[in-house]
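The values are calculated or read from the model by the stated rules, or taken from the named source; none is laboratory data. These numbers were taken from a predicted model, which means no experiment stands behind them. Backbone-built Cβ (ideal geometry, glycine too); neighbour counts: all protein chains shown. What goes into the accessible areas is simple: the full protein's heavy atoms, side chains included, and nothing from ligands, DNA or RNA. Shrake-Rupley method; radii C 1.70, N 1.55, O 1.52, S 1.80 Å.
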Amino acid sequence: MTVNQTHANKEQAIKKAIAAVEWQDLRRLTRAQIAYNVILPYPFLLLSWWFASHSWYVLACGASYLFFAAAFRQAHDGYHHSLGTGKRTTTAILLLLSVLLMTSLHSIRATHMAHHRDPLGDSDIEGSLAKVSWWQALLGGITYRLDIYRQGLRLSNRRNQKLAWLEFALIGLVIIVALILTAFTIPTLAILAQVLMYHILTMMLANASVGIIAVWGVHHDCDETIARTERNLLVNLLTFNLLYHVEHHLFPAVPSNHLPKLAKRLDAAAPHLTKAHVLPSMVNVIDFINHRWNQLKNKSQNSNDSECPIRKRFA
């Protein structure tokens, strides 16, 4: 059986398994949910800036993480037009988030749509990190992001290209302003420069880390399906439902608000599609530790046997 035939059979099996899952009702959002989707990241952003202005950088980093995760969710729902907002509002949100996240979301949107058309296929540059080891995914974060930009611009139509270049220009302008402000000694401007430089550095670091978490973490070693998922309530709370990833791939039109409900329905209808989790279970961790310990013990024992002349004589 060829690779293409195997892939086609896998897709048919998945389609058959999810055919009984009710999901159309989960596309609807209330006004309160739409407002939540629009406002979600910005209180964390303001909190991180306030902490940074007081040089409380540990607290600032915690707030910056929450902002980045919430903004990542907002942008992700924006790609799929599932925020509950109109197209113009969604475009404005992506432009604003591009500047705040220090990354071009319209170029990323193009590669993300390609990722959904051919998940983990040869043309899927976004999912490419899932095919390498974890340390390669970790170290390749910066070059991966640059590759995404190049591919995104290539895949984009003219309008999307213009929006992407506008985002790059605005990001460059923010960096220039931050550098200029560092030359001033006026207290207010000095604090503003401090906050801006902190924000730029943390967002760049966060963008370089996206590959290991949002690509490798949710797609590596997926045999029966195309993505992993998570059922730890605290982890899903702190990641704003972003780790319900197999659910998202199977039903991309469902907003992040309703992914927990969708997960329960998928667990009931096709549990084999949701058994691969992002975080390893305690049983997996213990098995891994025992396996590594036995490997080291056997290696040490074999080494001792080979070095002992008496054992070697009677082996």
Exercise for the section: Check the chain and count each lysine pair with an alpha-carbon distance under 21 angstrom, considering only pairs eight or more places apart or from different chains. Expected result: 14
Completion exercise
Charge dipole of the chain built from unit charges on the beta carbon (Lys, Arg +1; Asp, Glu -1), centred at mean Cα; most positive-end Cα among Tyr57, His248, Ala70 is His248
Handout entry: Crossing angle, helix 282-307 versus the chain [Cα axis fit, 0-90 degrees, rounded to tens]
Key = 50 degrees
Exercise for the section: Provide the net charge surrounding Leu29, with neighbours chosen by a C-beta distance below 15 Å and charges set as Lys +1, Arg +1, Asp -1, Glu -1. Expected result: +3
Practice task
DSSP loop (so not H, G, I, E, B), at most 12 other Cβ within 10 Å: list which chymotrypsin sites (Phe, Trp or Tyr not before Pro) in the stretch 150-213 pass both filters.
Solution key: Phe184
Problem - Local net charge near Thr91, Cβ-Cβ under 12 Å (Lys/Arg +1, Asp/Glu -1) - result: +4
Exercise for the section: Using Rg and Dmax of the Cα atoms in Å as the read-out, say which of [x] 20.3, 74; [y] 18.7, 55; [z] 23.3, 83 was calculated from these coordinates. Expected result: [z]
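Report, in debye and to the nearest 20, how large the dipole of the chain comes out about its Cα centre when Lys and Arg carry +1 and Asp and Glu carry -1 on their Cβ. Don't skip to the end; give the middle numbers.
On the way: 30 positive and 19 negative charges, 48 e Å.
Here the size comes out at about 220 debye.
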Problem - 13 Å beta-carbon shell around Ala253, net charge (K/R +1, D/E -1) - result: -1
Practice task
With the full set of protein chains in place, find how many percent of the accessible area of the chain is carbon and sulfur; take the probe as 1.4 Å.
Solution key: 65 percent
Practice task
On a 0 to 90° scale, report how tilted helix 158-181 is relative to the longest principal axis of the chain, with both axes built from alpha carbons and the result rounded to the nearest 10.
Solution key: 80 degrees
Completion exercise
Between the alpha carbon centres of the stretch 174-197 and the stretch 69-113 the gap in Å comes to 27 Å
Completion exercise
Once the dipole of the chain is set up from charges on Cβ (+1 Lys and Arg, -1 Asp and Glu), the residue from the list Leu238, Asn157, Gln295 lying farthest towards its positive end is Asn157
Exercise for the section: Just the number, please: Stokes-Einstein D of the stretch 1-154 in µm²/s, Kirkwood Rh from C-alpha pairs, 20 °C, 1.002 mPa s. Expected result: 118 µm²/s
Exercise for the section: Report ³J(HN,Hα) in whole Hz for each residue of the stretch 14-28, in order, from the Karplus equation J = 6.51 cos²θ - 1.76 cosθ + 1.60 where θ = phi - 60°; Gly and Pro get x. Expected result: 5, 4, 5, 5, 9, 4, 8, 7, 7, 9, 4, 5, 7, 7, 7
Exercise for the section: Determine the dipole magnitude for the stretch 8-93: charges of +1 sit on the beta-carbon of Lys and Arg, -1 on that of Asp and Glu, nothing else is charged, the reference point is the Cα centre, and the result goes in debye to the nearest 20. Expected result: 280 debye
